[in-house]
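To start, the structure under review is shown below, and the notes come after it.
Taken together, the values in this text are just the output of simple stated rules run on the coordinates, not laboratory data. Values in this document were obtained by computation on a predicted structure and should not be read as measured data. Cβ coordinates were reconstructed from backbone atoms using ideal geometry, including for glycine residues, and neighbour counts include every protein chain displayed.
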């Protein structure tokens, strides 16, 4: 069993949530999550760790001085959850990235970007789809009670977006798309913690004439809100993966996802999801209409999606894959 120091950004985003899940579910190694700004704890934990796992490339700087004093002997793996910007082929990055024991990419698009733009040995770059705790996501059959709890009209066709309320998550796109179809048939829900109050005011205005509900807070039991939806939507302009897509499927709720999202790599258009052209309200509107017209088929699509997630994207499956990849990269078992 290795002691793994996991360095995570702050906040309540998908990366942070997934890092906590790794700490809980990976049983063959002891994983300790450290917030990026806790430098004293970081130093002590760095010295005693067998492996450093960094979630996002900029955080390498947080351990650089410790790593240098260790003459770069400590094994460091980068787990990249988002598509980074720009090339890293200058002398500084050639040296630092050349010292990495491996790089994990959470989607094919991330892996392809790294292979093209980073000075990393291609043999050390591995695709590593994230998993979710499937057992914590259960379809709640009594939808009427859930909708009353949240103040959602019981007989509406409910389309929901779950994620931080911020410009990058692009929730206004849903309002634009709904206005292009018969929006009196659709009830929209936007749920998630507010990262930008300016953007929160923008989406309030965008949805003003559309039947809607905005829940501007972190939901500890996101399972309930998913189960109140008929279908969920990912609206992000740039979604490197999109764990909410898997979480929605785990609740047997199909997903409408942009074609550039990492999760769309594992979705099947028309079987568990509807795929639209990224950031295109016309394309999203057509998929909303298709989902509404096929609403009697959505439960079957949700069942198919749940089976897929159970088989391929559980945290137990991820844990086994993580062990296999570590064995390939650093020779551990």
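Annotations for the structure displayed:
- With the simple model of a label 7 Å out from the Cα in the direction of the Cβ, residue 139 to residue 43 spans 5.4 nm.
- Shape of region 258-333 from the C-alpha gyration tensor: oblate (a/c of 1.5 or more and a/b not above b/c, with a ≥ b ≥ c the square roots of its eigenvalues).
- The slack in the chain from residue 294 to residue 155, taken as 0.36 nm per residue of separation less the alpha-carbon distance, amounts to 48.4 nm.
- For region 135-311, Kirkwood radius (reciprocal of mean inverse C-alpha pair distance, Å): 15.7 Å
- GNM top mover of 295, 149, 75 - the chain, alpha-carbon springs below 10 Å: 149
- For the chain, the relative contact order is 15 percent, taking Cα pairs closer than 8 Å that sit 6 or more residues apart in sequence and dividing their mean separation by the residue count.
- Estimated inter-spin distance, residue 181 and residue 323, nm [label 7 Å along Cα→Cβ]: 4.4 nm
- Distance from the Cα centroid of region 260-333 to that of region 50-123 is 27 Å (rounded to whole angstrom).
- Centre separation in Å (Cα based) which lies between region 193-222 and region 156-181: 9 Å
- Directionally averaged projected area (convex hull, Cα atoms, the chain), nm²: 16.7 nm²
- Within a Gaussian network of the chain (alpha carbon springs, distance under 10 Å), most fluctuating of 273, 87, 236: 87
- The residue 221 and residue 115 beta-carbon pair, evaluated with R₀ = 35 Å, returns a calculated FRET efficiency of approximately 0.35.
- Simple spin-label estimate for residue 271 and residue 123 in nanometres, 7 Å along Cα-Cβ: 3.5 nm
- Gyration tensor (alpha-carbon) shape descriptor, region 151-248, a/c threshold 1.5: rounded
- Extension gain for the segment residue 32 to residue 50, taken as residue separation times 0.36 nm less the Cα-Cα distance, is 5.3 nm to one decimal.
- A full extension of the chain between residue 196 and residue 17 corresponds to an added length of 62.5 nm, given 0.36 nm per residue minus the alpha carbon distance.
- On the beta carbon distance between residue 210 and residue 167, with R0 = 22 Å, the FRET formula returns roughly 0.70.
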